[in-house]
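Notes follow once the structure below has been shown.
Nothing in this text is a laboratory measurement; each read-out follows from the coordinates by a stated rule. Keep in mind that what you see is a predicted model, and the values were worked out from it rather than measured. Because the Cβ atoms are built from the backbone with ideal geometry, glycine has one as well, and the counts that use them run over all protein chains shown.
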Amino acid sequence: METLLLKGIPVRDQVFAELKEKVAKAPRKPGLAVILVGDDPASSIYVKHKEKGCQEVGFHHETHHLAADTSEQDLLKLIDRLNKDQAIDGILIQLPLPKGLDQDKIQLAVDPAKDVDGFHPENLGRLVSGSPRFVPCTPKGILRLLTHYGLPVDGLNVAVVGRSVIVGRPLTLLLSLKRADANATVTLCHSGTKNLAEITAKADVVVAAIGVPRALGPEEIGEGAIVVDVGINRIDAPERPKGTRLVGDVDFQALKGRVSAMTPVPGGVGPMTIAMLLENTWEAMAHKENLDG
Ligand code: GUN
């Protein structure tokens, strides 16, 4: 079976081109503030990608890099300042935060109108109630990627593996919305799921978001399925010049030729996350400035 590769880079480029055009006609640049606390190497790389994306589409961007031992009070003060800053439309707090900082409390401090990550309880609540404002970037990117490649999920059985607040849980809500581009039947599987392979092997679409390298293979994924791999795991690879390489949560080589479509890692979901972050930032500004679209 020919496996269609669901590449994210061309879709991201298309979203970027559309945003660039809109920015050129806008009264001012949309502004994104990213808060990075500590020196987690993966987080630092993600933040660099976000900065690069902003530069490419012509957004104002600023990164606030704070020490790992920053107090909750200082972080809340910064968020308050950014909430009031007229040049800032979107605020993103890079996760995970260092231990000792209360993620829920910090997320709650972000103005919901600037919460371009969609993690504030108000925005998550709107997604639950069926009238979303900011949809978390990775779930939104996954849906956009499937739509782009002409793979509607309407009526399909989707197994989402992983219940994180960043991906699995909001994705389950998004895909099950009564909306033309969603309307799927979704099963949320997690570390407590007893009969995982039984559920996932029957699914039309499997989304893997667990952060375990190559955890799902031919036993867990049925022939002809559509596979979305959210994992970005760095593993040892002595044959590579750097000594490491990136792999997803699914066994790409074992599934290639058996499934109908699959996202590569890297270059699949990752670029979509950035594209949706910038789209959400545009939407935050457009709403504030009463612009169309
Ligand atoms: N860490 C991993 N993914 C994300 C994301 O989409 N947003 C934020 N803020 N942190 C993350």
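Modelling each spin label as a point 7 Å along the Cα-to-Cβ direction, I'd like the residue 256/residue 84 distance in nm, to one decimal. Simple spin-label model gives 5.5 nm for this pair. Across 143, 246, 174, mean-square fluctuation computed from a Gaussian network of the chain (C-alpha pairs under 10 Å connected) peaks at 246.
Of 124, 38, 106, which is farthest towards the positive pole of the stretch 8-153's charge dipole, taken about the Cα centre with +1 and -1 on the beta-carbons of Lys, Arg and Asp, Glu respectively? Comparing the listed Cα positions along the dipole, 124 ranks first.
Around residue 204, under 12 Å between beta carbons, what's the net of Lys plus Arg minus Asp minus Glu among the other residues?
Values: positive: 202; negative: 154, 223.
Neighbourhood net charge equals -1.
Going by neighbour counts of Cβ atoms within 10 Å, the residues 263, 172, 138 line up, fewest first, as 172, 138, 263.
Find how much the distance from residue 234 to residue 2 grows on full extension, using 0.36 nm per residue of separation minus their present alpha carbon separation; answer in nm with one decimal.
Working: separation 232, 0.36 × 232 = 83.52 nm, distance 2.74 nm.
Value of the extension gain: 80.8 nm.
This ranking places 120, 287 by how few other beta-carbon atoms lie within 10 Å of each, fewest first, which gives 287, 120.
Report, in debye and to the nearest 20, how large the dipole of the stretch 1-141 comes out about its Cα centre when Lys and Arg carry +1 and Asp and Glu carry -1 on their Cβ.
520
Under a model in which nothing but the beta-carbon of Lys, Arg (+1) and Asp, Glu (-1) is charged, the chain shows a dipole of about 240 debye around its Cα centre. Result for the chain in a Gaussian network model with C-alpha springs under 10 Å: among 32, 124, 108, the largest mean-square fluctuation is at 108. Between the Cα long axis of helix 72-84 and the first principal axis of the chain there is an angle of about 70°, rounded to the nearest 10.
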